[in-house]
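Here the structure comes first, spelled out in structure tokens, and everything after it is commentary.
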Amino acid sequence: MADHKKRVDIIIGKLRENGHKITPQRMAIVEILARSYGHPSVDDIHDHIKKDFPTMSLATVYRNIVLLKSFNEVLELGFPDGSNRYDGNKPDPHPHVICVKCKKIVDPDLDSLDEMTNEVAEETDFTILHHRLDFFGICSNCMAKKK
Ligand code: ZN
Ligand code: MN
């Protein structure tokens, strides 16, 4: 995981560079995205922030995510059912492991990814720009509940 404070600084820097004001509300969203603990959805972020900012709407959270996405400072994990999840801690494309039961999402540390990318490039004669790599399974928590 990237250092949370460093990620906050980078994201705030990008916002300032592009002429966006850092309001306390925006700061609260950035704080959560910089950690991206468990890869939150817009609803998760909204639920969290509502405690401190009861007037903050879901649309505001969403707008801020779209803005940060436009600077490539948050990675969006899209799913066909529309329940998108976000990673502002590691904004560059990386593999994910997803629990099909509880929807927990984890970043695996893969040593073989560079090798795989090279293999794909060689095999297809493509210049690889980025990738989408999701593994689906059942997490140990959900597995224990099944027994
Ligand atoms: Zn699970
Ligand atoms: Mn991730």
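The values are calculated or read from the model by the stated rules, or taken from the named source; none is laboratory data. Here the structure is a predicted model, which is why all the values come from computation and not from measurement. Using ideal geometry, Cβ is built from the backbone for each residue, glycine included, and neighbour counts are taken over all protein chains shown. When the accessible area is computed, the model is the full protein with side chains, heavy atoms only, and any ligands, DNA or RNA have been set aside. Shrake-Rupley method; radii C 1.70, N 1.55, O 1.52, S 1.80 Å.
Entry remark, region 127-140: residues being touching a residue at least 40 places away in the same chain (Cβ under 8 Å) and away from ligand 2 (no atom under 16 Å from the Cβ) number 0 in total.
Take the conditions (1) within 24 Å of Asp43 (Cα to Cα); (2) surrounded by 14 or more Cβ atoms within 10 Å (Cβ to Cβ); (3) more than 16 Å from ligand 1 (Cβ to nearest atom); Ser70 misses just one of them, which is (2). Of all the numbered requirements in (1) surrounded by fewer than 14 Cβ atoms within 10 Å (Cβ to Cβ); (2) within 22 Å of Ile65 (Cβ to Cβ); (3) free of Cβ contacts under 8 Å to residues at least 40 places away in the same chain, His94 misses one, and that requirement is (1). Hey, among the residues in region 133-147 that are assigned to a loop (DSSP other than H, G, I, E, B) and in contact with a strand residue (DSSP E or B) (Cβ under 9 Å, 6 or more places away or on another chain), which one's surrounded by the most Cβ atoms within 10 Å (Cβ to Cβ)? Ranking the candidates gives Cys139 first.
Results for (1) of a type in the set (Gly, Ala, Ser); (2) outside any helix (DSSP H, G or I); (3) at negative phi; (4) not assigned by TED's automatic domain parsing to the domain that holds Gly19, shown as yes or no for each residue.
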{"site": "Thr60", "(1), (2), (3), (4)": "no, no, yes, no"}
{"site": "Ile65", "(1), (2), (3), (4)": "no, no, yes, no"}
{"site": "Glu73", "(1), (2), (3), (4)": "no, yes, yes, no"}
{"site": "Glu76", "(1), (2), (3), (4)": "no, yes, yes, no"}
{"site": "Ser83", "(1), (2), (3), (4)": "yes, yes, yes, no"}
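Of all positions in region 107-117, at least one carries a residue that is within 23 Å of Lys14 (Cβ to Cβ), outside the structural domain of Val8 (by TED's automatic domain parsing), within 16 Å of ligand 1 (Cβ to nearest atom) and assigned to a loop (DSSP other than H, G, I, E, B).
Checked against the criteria, Asp52 counts as more than 28 Å from Val100 (Cα to Cα) and in a loop (DSSP other than H, G, I, E, B).
Total residues in region 32-48 satisfying the condition of being at negative phi and open to solvent by less than 60 Å² (accessible area, probe 1.4 Å): the figure is 8.
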